[in-house]
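Note sheet for the following structure.
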């Protein structure tokens, strides 16, 4: 009798444990996910960055460190606890709502940029989830003419932003727009520029460094990456922010070693000078920065580390009310 009861109890316990184990089993994996847009305030302005891609690419060497050795670049990556041969750059257009106008900085990869669909060219489809329509955009500002910044202008043969006017440095437009000026790889880039800018050429305004785009947004000379590359100072109610376009292509390598050349820089030494000047401005002024190729949401701060190097500090909560 006692043995039977014990066996019965033992069976009950066994069933209960098995049932508990099944109940506690992990849920099926859902898949990796990250936010596709991110919004905050700067004074009275509302700013939104949108992810145009989440692609991983090879690097940072030789994209960064063309004038260094692969081992030097790998050593820097190891010291900063990031992968040595792969990274995930941001491709992050930014929308600034000034209260009077909606200003878009750069248009992403579109259908013909560096990161092909479906891995890039997301801006068009992410505008809606972020709360915007393409028709809402009043001004499109192009930091420079590379495909991952201009290829989102035209979609399906038509301007994606039908109500917008366009702003670019005159030197930049003059570099990329002419037929027959370039050959080889540069002509491939120029052809994407022409295909996306010609249909809206009558809506372009050419500016020089120091010119205002709209009240509260001023252009800043940042040549080297391309001849007319621009950065921009955004100011509202005494608060400042810097949109630096392609002054950095990797959140560690570009800042720690601004002297390392980038393969995409047209004038490598001028780009070195520009990086040092722009990084020093950001560090000295303690301004938040939108770095187009910094890891999404591509907003952070710059810290001066020594006489020649800097560090990217990703935003945490500083811009929240």
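One line per residue, one yes/no per condition, for (1) surrounded by fewer than 19 Cβ atoms within 10 Å (Cβ to Cβ); (2) in a loop (DSSP other than H, G, I, E, B):
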residue	(1), (2)
232	no, no
246	no, yes
270	yes, no
273	yes, no
281	yes, no
294	no, yes
297	no, yes
302	no, no
318	yes, yes
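Of the residues making up the stretch 161-175, those that are under 10 Å from residue 200 (Cα atoms), part of a loop (DSSP other than H, G, I, E, B) and free of Cβ contacts under 8 Å to residues at least 40 places away in the same chain number 1. On the given criteria, is residue 224 at positive phi, surrounded by 15 or more Cβ atoms within 10 Å (Cβ to Cβ) and either in contact (Cβ under 8 Å) with a residue 12 or more places away in the chain or part of a loop (DSSP other than H, G, I, E, B) (or both)? Yes. The set of residues in the stretch 98-107 being in a loop (DSSP other than H, G, I, E, B), crowded, with 24+ Cβ neighbours inside 10 Å and on the phi < 0 side of the Ramachandran plot consists of 107 alone.
Table: residues versus (1) assigned to a loop (DSSP other than H, G, I, E, B); (2) more than 25 Å from residue 191 (Cα to Cα); (3) at pLDDT below 95; (4) touching a helix residue (DSSP H, G or I) at 6+ places or on another chain (Cβ under 6 Å).
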| site | (1), (2), (3), (4) |
| --- | --- |
| 49 | no, yes, no, no |
| 60 | yes, yes, no, yes |
| 71 | no, yes, no, no |
| 81 | yes, yes, no, no |
| 96 | no, yes, no, no |
| 109 | yes, no, no, yes |
| 112 | yes, no, no, yes |
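When every residue of the stretch 135-157 is checked against the conditions, at least one turns out to be in contact with a helix residue (DSSP H, G or I) (Cβ under 7 Å, 6 or more places away or on another chain), in a strand (DSSP E or B) and over 21 Å from residue 41 (Cβ atoms).
The values are calculated or read from the model by the stated rules, or taken from the named source; none is laboratory data. Fair warning: this is a prediction, and the values are worked out from it, not measured in the lab. A quick note on method: Cβ atoms are made from the backbone with ideal geometry, for glycine too, and the neighbour counts reach across all protein chains shown.
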